Each structure stands twice: as structure tokens, then as C-alpha cells.
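Any read-out appearing in this document is the output of simple, stated calculations on the displayed coordinates, not a laboratory observation. Computed from a predicted model, the values in this text were never measured in an experiment. Cβ placement follows ideal geometry from the backbone for every residue including glycine, while neighbour counts extend to all protein chains displayed.
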Amino acid sequence: MANERILDVVDSPADLKLLTDDELSILAREIREQIITTTSKTGGHVASSLGAVEIILAVHSLLNCPEDKFVFDVGHQSYAHKLVTGRRDRFDTLRTFHGISGFPKPSESEYDVHASGHASDSLSVAVGLAKARALSGGTNKIVALIGDAALGGGMAFEALNYIGQAQLPMVIILNDNEMSISRNVGALMKHLGYLRTSSSYRTTRDRVQEAMEQSGALGSALMHFGRNAKESMKQFVIPHSMIFEQLGIVCTTPVDGHNIHELKEMLSTCLAADGPVLMHVVTKKGAGYGPAMAEPTRFHGTGPYDIATGKAIKKSAKAPSYTSVFGEALLNEARADERIVAITAAMESGTGLTSFEKEFPDRFIDVGICEENAAGMAAGLAIGGRKPVFAVYSTFLQRAIDQLIVNNALMNLDVVFAIDRAGLVGADGPTHHGMFDLVYTRMVPNMRVLAPSNEAELVNSLHTALVLGGPFAVRYPRGEACGVPVPDKPETYEPGVSRLVREGSDVAILAFGNMVEPANEAAAALEEAGLSVRVVDMRWVKPLDTEAIRRAAETRLVVTVEDGVVEGGVGEEVLAELARQDVKAPVLTLGIPDRYIMQGAPDFLMHELGLDAEGIAAAIEEKLEAL
Ligand SMILES: Cc1ncc(C[n+]2csc(CCOP(=O)(O)OP(=O)(O)O)c2C)c(N)n1
Ligand SMILES: CC(=O)[C@@H](O)[C@H](O)COP(=O)(O)O
Ligand SMILES: [Mg+2]
């Protein structure tokens, strides 16, 4: 049939072995078309996935997965892998509720090695697999695919440290596209640039031949190779001045990551080695789709878009995003106080710092995907007399809990953790939901934690944190704010003082942050049913308003509502506070249950969890009936 696609007959990676390199190139084009068709409706990580198509096809046509292991870093580039590992027919459900995950997910497919989504963990997982293989005497192949930005993350560096020492055979494919979400940063990035420059690697290739004969440091790095592999590696390796090779990891010359033939040739050489090899692959982010190549940052992670123009298809917004309100508020604060410094760990646009960088380039720091370093640097900046504001997603700050505790809070430093994407984030799913920050900030001595319930509260919360000093967390959700006016002149909140939203005497709902609005709607519905319901915007997660808690216990039922995990959450702290006050009262703690939450639209997920107005009202009625 004239229009039949090769893709339609690829049911597993084994089918790729039957294809010629030219057919694989045609398949790559078909896969790109499929990725674009699907993501134009679902949204997704378009540019990274388009850039990695040939790499994925080359790997799968040489490995025997799932016996061999193909480990993805982040996994946002894995769409081609999904399409050739039996998920083609469900691909249109990408990132939807109960649909295909946007990241590798072992419960979805035996070809997905680990549940990923956070950067820089692939090398640890891969070398762990290599060690497990060594212990069991196995011979399977292990390949990790990591981007140039993820390679700069601390966890990846720590893994390289072990990989170079252990000398276990594995191939690290470095997908070097010079991009993180924004442009990549850092000294490693510069080093890769040097390696990429064709003039430098061509001339050094000759020098390498000589060096090989002399068997210097380079020779020793290669001594773990089998004879044939060593011979063919000679033409591919980089001089011994480079860092990987000095760590004991052989590094290839850069390969064109969109040339299937070259990729397969180089990869088969690397797979024959009996030590660790880093295969340097150069790709173009967004390859094959003009708009994504032109705007790789926007197409890193996008919502639905028009295929012809690449323009975003957006629903009209009733309010600005919390992120943009934060960005504007921080800019205003920075204009008034030159000590303020903004830090991001590779999330400049995602955290709303683009305008800040433009206006205050010297006071803007992007450390790359290095949350630990960002939090550690914040401590140094604070000790040095600056007021650092580390703007970071809730899920990624999990990487730097230790630095928050030891480097910042212990010294009671003036540092603000501006925690974006708190609560459920949606299509990215369990790796990205911000479910834990209420616990991991609240538990730390000296920390003060604010959960603004709308954009005006956010502006005031940031101001309060900067004015009062000491270690602060201000946490706010992904997406649209409430549409209330923001103050021209922000106010400073008194610690531990809540805001009464609605008075009532039968039930008291103590709501935190994003949950104030649905709590208030639930109260309105319950009042129609004849109940008098108080709603308190608790505002402070720490210190809590102990007087509001005491008063709440005078009603028939105290209800806490948070968009974080209930276990160890702030509702449990309200219970503890009641115990401290020696007050006995029925309490209902509502929040995210003790399990991982799958992907889906946040409103829908909150409904499923009973955390929308309807669910809150129903839970209260049920509890009252049971009393
Ligand atoms: C710990 C952590 N921090 C931040 C992110 C957000 N993030 C996802 S992909 C990405 C950039 C990855 O760049 P690179 O590794 O070079 O892959 P590319 O997208 O260029 O293919 C970032 C910052 C993350 N997933 N995990
Ligand atoms: C893969 C990854 O970690 C990021 O690209 C993330 O998906 C961004 O999320 P937002 O869309 O909320 O900025
Ligand atoms: Mg990159």
C-alpha cells in the first residue's frame, strides 16, 4: 500500500534489526511526524524528543532490550522509544489521565528501566545495573542516554566518579545539543563546546594516533578495551587532556546525532569495549520541525500548538500565572533593595526570572541543573551580605533538602526559597507533583513557611520574607492565579497570624494556600444546606496561628485542607497543636493521600482526590454524620 508507514509494522525493537540504515532514516521521519501530530494536541516535551530520534533508533537496533538496559535521563526525550516499544497505538493518550506517561515508567512497559523525570540520575542507575550484572555474572549491555545539561548535575558527576573507578562496561551517550531548557550554562558546557569544534577534534585526532602509540595516560584509559575495539577506538578518541578520559572513561569524538549510519557504527564500537565509554553525540534540539528548532525553549515543554505555525493554542486566561506574579514582584523588590539576588537551577523561564535576568544580569545566577549547589550558594551569598531568593520547583527542591537544613536554616540565614509548582502539577505526573514541600520545609528549625492563597497574598508573602529575614519558604502552585488585584505597596505579615475569610460556628475549615478558594466554595455550599462554616486562610504554615486553631476547636468539627501529603503534613501539625493545648476536638485532615498521584489535569486530579469544593463539602458532611 502506497501510504503504509514503516512505523506501523514496528511492534518491538527487534523489528528495527530488519531495517537498513536508509529505512531507519525513513522511520525517523515518520516518528517525528507522529510526535508532532500527537503533541500538537496533547502538548509535551517536543524539542528534546525530536532531537533524540536517531539516537534511540540506533540504540534499539543494536541492543536486545529488555535484556539489555537502555536508561534514560529525565526521560523527556523518550517519545521515539515509546513508539518503537509497543506503545504506538496508545501514543495519542500521551500525558493524559491513565494514558502513556511523558517519561519512562516501568509499570507501563518492560522496556522502561526506571521511573525517571528528575535530571542527572541515569548514570547512577546505569552503573548500579552494571554492578548488579557483575555480581550475577551477566553479559547484557547497558546504555545510558544523558543530555549535556543533565550531565552537569551533581548526581551525574558523583556517578562519573564511581564509573571511572569501577571500570564496568557501559556506554554513556551524551546527547549534546548545547541546550538545557534555556541555553545550557557552566564550565562543562564550555568544555563540550571545545570538543565539538570540528577543527579541534580533527587535528587532535591525529595527535591521538601518536599518543596511542606511546601508550600514555590515554593508553591506560584504553587498556580495558578488547583488542579489536581498541583498534577501532583509536580513530574516535579525544586527547588525554580531557576530563572524562582522565577520570578513566574513554570519550569518543563527536558524532552527528542525526546520522543513523554513523551513530550505529560508533555505538557498536563502544558496545564492544570492556570498560566505560562516553559517546559524544551532537544533535539539534527540535530537529526536523522548524518552529521547535527556532524556539527550542518554548518547545522544550509545550501545551497544544498549531502544527503549521508552531503557535501555542491557549485557553484564554482569567488571571496571570502565579509564576509571572512572582517574577514581577521579585523584580520590584530587587529595584528597591540591591542586595537581592535571584538564583535558578536551570529553570529561568519556568520560575518567571526572565525579566529579572534582563534587568539585573549581575544579580541573576543560573547554576544549571544543580539544586544542591544553588541552595549551597544561597548560603554563601547570604553570609556575604546578599539576600538570595532561590526560585525553584517544589519537586526539584527535594534534591537540596540537606542544603536547606544544614547550610541555610541551621545558621538562620536570610534566604528565601520561592517554591513554585507546589501541589499537583498535572501532565508531568508523580515525579513532578509538588506534594512534599509542606513537610520538608515545615519540619526544619528556624524555617518560616508561607502559603499564599492568591496573587496578592503571594506579593505580600515575598515581601514579608525579605523584610523579616531568616530562612523562609514561600510556596505557590502552577498555573493561573485567582484574579484579585495585587497591591502596589506590599504589606508585611505578622508571623503566625491568619486571615479570616468567612465566619461560622458549626465547622471551622483551616485552609492552606491554594486550598482556601475551594474551601470557601465548600463552605458556601454547606451553608446552603444549613451549616454555619468558618473558613480561615491560615497563610502561615509555620509558625501556625495557634489562636485560630484553638478557636476552631470550639466548633463541632475542625477541618484542615492542604495540597500536600497528609502524612507529616500541616494538618497533622494542627492535631499536634490541639494536643499541646490539651484540647479534644474532632478533626478531619484533608490532603493528598499516602500514595503517588498519577498524571492528569490538576483540577481533575483534585476532584478525584476529593480535594475540590464538592469533595471537601462531602467529606465534611460525612464526618459530621459519623460524629
Ligand atoms: C532535578 C531536576 N531539575 C530540573 C529539571 C527540569 N528539567 C527537565 S529537562 C531539563 C533540561 C535538560 O537538558 P538536557 O539534559 O541537556 O536535555 P535536552 O532537553 O537538551 O535534550 C531541565 C532543567 C529536572 N527534570 N530535574
Ligand atoms: C522535564 C521537566 O522536568 C520539565 O521540562 C518540566 O516538565 C517543566 O514543567 P513546567 O511545564 O511546569 O514548567
Ligand atoms: Mg541539552
**OP:** Let me know the charge dipole size of region 295-450 about its Cα centre in debye, to the nearest 20, where only the beta-carbon of Lys, Arg (+1) and Asp, Glu (-1) is charged.
**Re:** 400 debye
Original post:
PRE reach from residue 580 (point 7 Å along Cα→Cβ): which of region 525-562 fall under 14 Å by backbone N?
Top reply: 541-550
Subject >> For region 249-295, convex hull volume per residue from C-alpha positions, Å³ >> reply: 70 Å³
**OP:** Taking all pairs of distinct Cα atoms, average 1/r, flip it, and tell me the Kirkwood hydrodynamic radius of region 429-520 in Å to one decimal place.
**Re:** 14.6 Å
Subject >> Inter-label distance for residue 316 and residue 274, nm, one decimal - labels placed 7 Å from Cα along Cα-to-Cβ >> reply: 7.0 nm
Subject >> Positive dipole terminus of the chain, leading residue within 610, 474, 379 (C-beta point charges) >> reply: 379
Subject >> Using a Förster distance of 22 Å, the FRET efficiency for residue 11-residue 67 (Cβ separation, nearest 0.05) >> reply: 0.80
Original post:
What net charge is computed for the residues neighbouring residue 450, neighbours being all others with C-beta under 14 Å from the C-beta of residue 450, Lys and Arg scored +1, Asp and Glu -1?
Top reply: -3
Original post:
Cross-link partners among lysines for residue 584, C-alpha distance below 29 Å, same-chain residues fewer than 8 apart left out?
Top reply: 542, 623
Original post:
Which whole-number percentage describes the relative contact order of the chain, with Cα contacts under 8 Å and a sequence gap of 6 or more?
Top reply: 11 percent
Subject >> Hypothetical label at residue 18: residues of region 78-116 whose amide nitrogen lies under 19 Å (7 Å Cα-Cβ projection) >> reply: 83-89
Subject >> Set 69/285; 285/387; 131/264; 17/190 screened for pairs whose C-alpha atoms are more than 27 Å apart >> reply: 285/387; 17/190
**OP:** For every other residue with a beta carbon closer than 9 angstrom to the beta carbon of residue 30, add +1 if it is Lys or Arg and -1 if Asp or Glu, then tell me the sum.
**Re:** +1
Original post:
What number, in percent, do you get for the relative contact order of region 14-89 if the mean sequence gap of Cα pairs under 8 Å and at least 6 apart is divided by its residue count?
Top reply: 37 percent
Subject >> Per residue Cα convex hull volume in Å³ - calculated over region 79-161 >> reply: 107 Å³
Subject >> Along principal axes, Cα extents of region 472-540, largest first, whole Å >> reply: 39, 27, 22
Original post:
Once Rh for region 499-626 is found with the Kirkwood sum over Cα pairs, what is the Stokes-Einstein diffusion coefficient at 25 °C and 0.890 mPa s, in µm²/s?
Top reply: 170 µm²/s
**OP:** Two decimals is fine: what is log10 I(q)/I(0) at q = 0.15, 0.16, 0.22 Å⁻¹ for region 1-135, from a Debye sum with one equal scatterer on every Cα and no solvent?
**Re:** -0.70, -0.79, -1.45
Original post:
Nearest 10 degrees, 0 to 90: what angle lies between the long axis of helix 21-42 and the longest principal axis of the chain (Cα atoms)?
Top reply: 10 degrees
Subject >> Rg followed by Dmax, in Å, when the chain is reduced to its Cα trace >> reply: 26.6, 90
**OP:** Just need the Rg to Rh number for region 322-477, please, alpha carbons only, Kirkwood Rh.
**Re:** 0.92
Original post:
In nm, to one decimal, how far is the modelled label at residue 295 from the one at residue 624, with both set 7 Å along Cα→Cβ?
Top reply: 5.0 nm
Original post:
Given the Cα-Cα distance of residue 603 and residue 29 and 0.36 nm per residue of separation, how much length would full extension add, in nm?
Top reply: 203.0 nm
Original post:
How many percent of all Cα-Cα pairs in region 327-372 sit more than 15 Å apart?
Top reply: 36 percent
Original post:
What is the set of long-range amide H partners of residue 564 at a cut-off below 5 Å, with H atoms built 1.01 Å from backbone N?
Top reply: 592
